[in-house]
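The structure under discussion appears below in the form of structure tokens.
The values are calculated or read from the model by the stated rules, or taken from the named source; none is laboratory data. Please read these numbers as outputs of a predicted model, since none were measured by experiment. Here Cβ is always computed from backbone atoms with ideal geometry, including for glycine, and neighbour counts include all displayed protein chains.
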Amino acid sequence: MAKKNQLGVTPLSEDVSAWYNELVFKAELADRGPAKGTMVIRPYGYRIWELLQSQLDQRFKDTGHVNASFPLLIPMSYLQREADHVEGFAPELAVVTHGGGKELDEPLVVRPTSETVIGEMYSRWISSYRDLPVLINAWNNVVRWELRPRIFLRTTEFLWQEGHTAHADEDEAMEETLRMFDVYVEFALNVAAIPMVKGEKTPGERFAGAVRTFTIEGMMQDGKALQSGTSHYLGQNFAKAFDITFQDENNELQHVHTTSWGMSTRMIGAVILAHGDDAGLVLPPRLAPIQIVIVPIGRGEQAEAPLAKCRELAAQLEGLGVRAHVDDRDASPGFKFNDWELKGVPLRVELGPRDLEAGHVLVAQRVGERDDKGRPVKETVEFEEFVTGAPERLDAYHDQLVARATAFRDERSGVADDWDTFAELVGRGFAYALHCGEPSCEDDIKAETSATPRCISTEDGFAGEGTCIRCDRPSVYGHRVAFARAY
Ligand SMILES: [Zn+2]
């Protein structure tokens, strides 16, 4: 048993898995639901989701998309119309066989994803090239039966968004697929402070029913990859299965080309695992429910004036769009500091009677300089300067988290041209290696190292050709494949 800290959480440095499982409860992010694999997202966790959702949704609107809602229940026969799709999802389906006290004529599937029902609707809505493109997103919940559930990372029911678009030709649909892929990459970096490894999935790892799948993969602090968002070019697979056709400009009947793309509550798991430390959560400021917590110091009557000033500062911060909170609970400062550290609040401010007299606050960062005893180094900042400088200070903190996560990822990753190097690298992070593209060879690698191909990396410096890292066949992608153990 690893030693727990004073708040009852196993240190991350000793056991990442135990740390994660304990922290989601201790930080009041989520709880287990009564049905196996389900989760209850508590208010603190749900606020993170709301912040994620609103900032991602704005990006969808900025790229021309609109939101709509589709049904939770889908006739079983719909899934069977696309062979790969049903084969891929069959083991994870929850099926409703009874309704209103009677056995149903046709079982209904609780949606695992909505390509089929949306495909059916698009076949009714699209008839001419003038109807295209259709650019719709849905925020909803889906159900995929999980045998080994973990809160946020793998739950039987989860929240997500699924974008579904229809286009006149392949070029336009591929452009959309890559546009939304770029949105995810940018969002992960600029909102979640996670530098993603990005690229295309190998054929064996594609979405069931897709022609091409693009993925973003974050590195977690145990060196494992976490798939955090995917964008798919579906070709005409669903258009043919659901007869989504249109008259083109020459009056010829054509099938549309479709895309789909999604990001889920799993992203909260990514934030926890990418940034947290022994003391608890570390939230990036743009997803933090509370960005600055202000703690009044002092007892009895002495505490009144500092508390009033704390409230005044919080109101001024709110006026600048900063999410500030005054902790006026009847508890010791030490308890409060530990509590807000556990909850990952980016900045902590202290204000006591002497500070009030001097006209300044003491500012400590959740991640930052520490003294000999491991306590945060506090910076003295005048009231006005603190308030006006707060947005900039939060931006700088965001950049600091990005730099830290990038350094961690890069330090644990590398190019592998021989098997020993490969095995060593996937034991702690990403290994970029040449691969033959054969699924059986991917299976061999997985059996021996637990690592899977996360994506074909088309980033600078990863182009290459030669012999497969595992077998004697030649490499096929023209680029290295990022391998890692994954969640
Ligand atoms: Zn091979």
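Being among the acidic types (Asp, Glu), more than 30 Å from Gln247 (Cβ to Cβ) and touching a strand residue (DSSP E or B) at 6+ places or on another chain (Cβ under 8 Å) narrows it down to one residue among Glu115, Glu146, Glu176; which is it?
Step by step, each of Glu115, Glu146, Glu176 is checked, and only Glu146 is among the acidic types (Asp, Glu), more than 30 Å from Gln247 (Cβ to Cβ) and touching a strand residue (DSSP E or B) at 6+ places or on another chain (Cβ under 8 Å).
Tally time: how many residues in the range 66-86 are surrounded by fewer than 16 Cβ atoms within 10 Å (Cβ to Cβ), among the aliphatic types (A, V, I, L, M) and modelled with pLDDT of 95 or more?
Of the residues in that region, 3 qualify.
Quick grid of which residues meet (1) assigned to a strand (DSSP E or B); (2) within 19 Å of Lys378 (Cβ to Cβ); (3) at pLDDT below 95:
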site	(1), (2), (3)
Ala314	no, yes, no
Glu318	no, no, no
Gly321	no, no, no
Asp330	no, no, yes
Asn338	no, yes, yes
Gly344	no, yes, no
Glu350	yes, yes, no
Leu356	no, yes, no
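Give the residues of the range 366-388 that are under 32 Å from the mean Cα position of the chain (by Cα), outside any loop (DSSP other than H, G, I, E, B) and crowded, with 18+ Cβ neighbours inside 10 Å, sorted by residue number.
Pro376, Phe386, Val387
Select the strands (runs of 3 or more DSSP E) contained entirely in the range 206-262, then report the ones holding at least 1 residues which are surrounded by fewer than 24 Cβ atoms within 10 Å (Cβ to Cβ) and either at positive phi or free of Cβ contacts under 8 Å to residues at least 40 places away in the same chain (or both).
212-219, 225-235, 253-255
Out of all the residues in the range 451-483, which are of a type in the set (A, V, I, L, M, F, W, C), more than 13 Å from the ligand (Cβ to nearest atom) and assigned to a loop (DSSP other than H, G, I, E, B)?
Ala451, Phe462
Filter the range 143-158 down to residues that are part of a strand (DSSP E or B) and either under 9 Å from Arg266 (Cβ atoms) or in contact with a Pro (Cβ under 8 Å, 6 or more places away or on another chain) (or both), then give me how many there are.
Of the residues in that region, 3 qualify.
Output the qualifying pairs, or none if there are none: Cβ atoms under 8 angstrom, residues six or more apart or on different chains, first residue in the range 23-45 and farther than 23 Å from Arg144 by Cα, second residue aliphatic (A, V, I, L, M) and in a loop (DSSP other than H, G, I, E, B).
Leu23/Val9; Leu23/Leu29; Leu23/Leu281; Lys26/Leu7; Lys26/Val9; Ala27/Leu281; Tyr44/Ala27; Tyr44/Leu29
At least 2 residues that are within 20 Å of Glu157 (Cβ to Cβ) and in contact (Cβ under 8 Å) with a residue 60 or more places away in the chain in each: list the helices (runs of 4 or more DSSP H) lying fully within the range 59-142 that qualify.
83-89, 115-125
Filter the range 430-448 down to the residues that are away from the ligand (no atom under 12 Å from the Cβ) and outside any helix (DSSP H, G or I) and list them by number.
Across the range 430-448, the qualifying residues are Phe430, Ala431, Tyr432.
If I filter the range 162-179 for residues that are part of a loop (DSSP other than H, G, I, E, B), on the phi > 0 side of the Ramachandran plot and either touching a residue at least 40 places away in the same chain (Cβ under 8 Å) or in the same structural domain as Trp49 (by TED's automatic domain parsing) (or both), do I get at least one hit?
no
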